Amino acid sequence: MPQRHSKNNNDLAFFTYDEKRKLGYGTQKERLGKDSIKPFDVCCLCLKPFIDPMCCQKGHTFCKECILECLLAQKKDNKRRLAAFTTQQKQEKEEAEEKLMQQKARELDAFDQQNHGAVPQYNDRNHSQDKNGFHGANSVKVTSYEEEALRNMKAFWLPSATPEAPVKVGAPSCSTFCPEGNEKLKLKSLFPIHFTEDKSEQKKSKSYDVTYICPSCKVTLTNTMSLVALSTCGHVFCKKCADKFMAVDKVCLVCNKGCKVRDLVNLEKGGTGFAGHGDSLEARDFKHLGSGSGLGLVRPAMKT
């Protein structure tokens, strides 16, 4: 009788590699499809065809309403963090002043007790004072030193003396950042862009079926093409026409407005289905088996 294959050998006391793979154990890989790739004519925030598109200096496109709402939310968050940081600084200053006053009060109390002899002081070798201020078991009265030592004693078994870990808020940044590129972004650095629609088709297309063309060579714009926008007027061209005409003539081909080489902004796009495009088109997810069960617990995987 031939031996059974390892994939069919399910009478073992442990999971085999093939059984773990069937349960979703290990790193799962999947190639992204077309639906997972962002087209060039959608907003980076709402992932919908943009309305009144705005572009930053790095080439990320947003809807005007989306980017304004995002920057406003960041400013409100910065104000909230700044208020929390100011309150923390004020509280730390008050605590420092209170500690200084308590130290002065303790020094005056010790000086008064030493001069008037209200509480017996033990200075001999048998009743030496330890570092926490305790005077030994024969103390007649609990002094302020002992109270302070009990208050600051880090005893985890006493609920009243449990150490606390205060959460400190760092100094917040007052700048707003691009939600796509994580670089500093100001409202005045955004500029509107204008795409040229293809009106040669006789049928009326829907809003999400609108096609755009290059106003110079009349080629349909897709994700396979590199696009360039002029920050002076906002017109969008393909990179070939921009390098051939605008970079040389220093003028827009649509509105005849002057431009410079630094005004040519390369637009970012989602990518294509080809691996040679330079985009990461593979999604990875790591799963490990739960203890005592065959259910796979998902753990976020590192971005590739």
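For residue 212, what is the net charge nearby, where nearby means another residue's Cβ is under 10 Å from its Cβ and Lys, Arg count +1, Asp, Glu -1?
Surrounding charge for residue 212 is -3.
Based on alpha-carbon centroids, what's the gap between the range 239-271 and the range 55-105 in Å, whole number please?
40 Å
Subtract the Cα-Cα distance of residue 197 and residue 256 from 0.36 nm times their separation in residues, and report this length gain in nm to one decimal.
That works out to 19.3 nm of additional length.
Which length gain, in nm to one decimal place, applies between residue 29 and residue 98 when the Cα-Cα distance is subtracted from 0.36 nm times their residue separation?
18.9 nm
Probe 1.4 Å, all protein chains in place: accessible area of residue 252 in Å², nearest 10?
0 Å²
Would you check the accessible area of residue 14, probe 1.4 Å, heavy atoms only, in square angstrom rounded to 10?
Looks like 130 Å² after rounding.
Cα-Cα over 18 Å: which of 76/186; 186/239; 199/260; 199/250; 48/76?
186/239; 199/260; 199/250; 48/76
With a 1.4 Å probe and every protein chain left in place, tell me how much accessible area residue 186 has, in Å² to the nearest 10.
Its accessible surface works out to 130 Å², give or take rounding.
The values are calculated or read from the model by the stated rules, or taken from the named source; none is laboratory data. All values reported here derive from a predicted model rather than from experimental measurement. Virtual Cβ from ideal backbone geometry, glycine too; neighbours counted across all protein chains shown. Please note that ligands, DNA and RNA were not included when accessible areas were found on the heavy atoms of the full protein model with its side chains. Shrake-Rupley method; radii C 1.70, N 1.55, O 1.52, S 1.80 Å.
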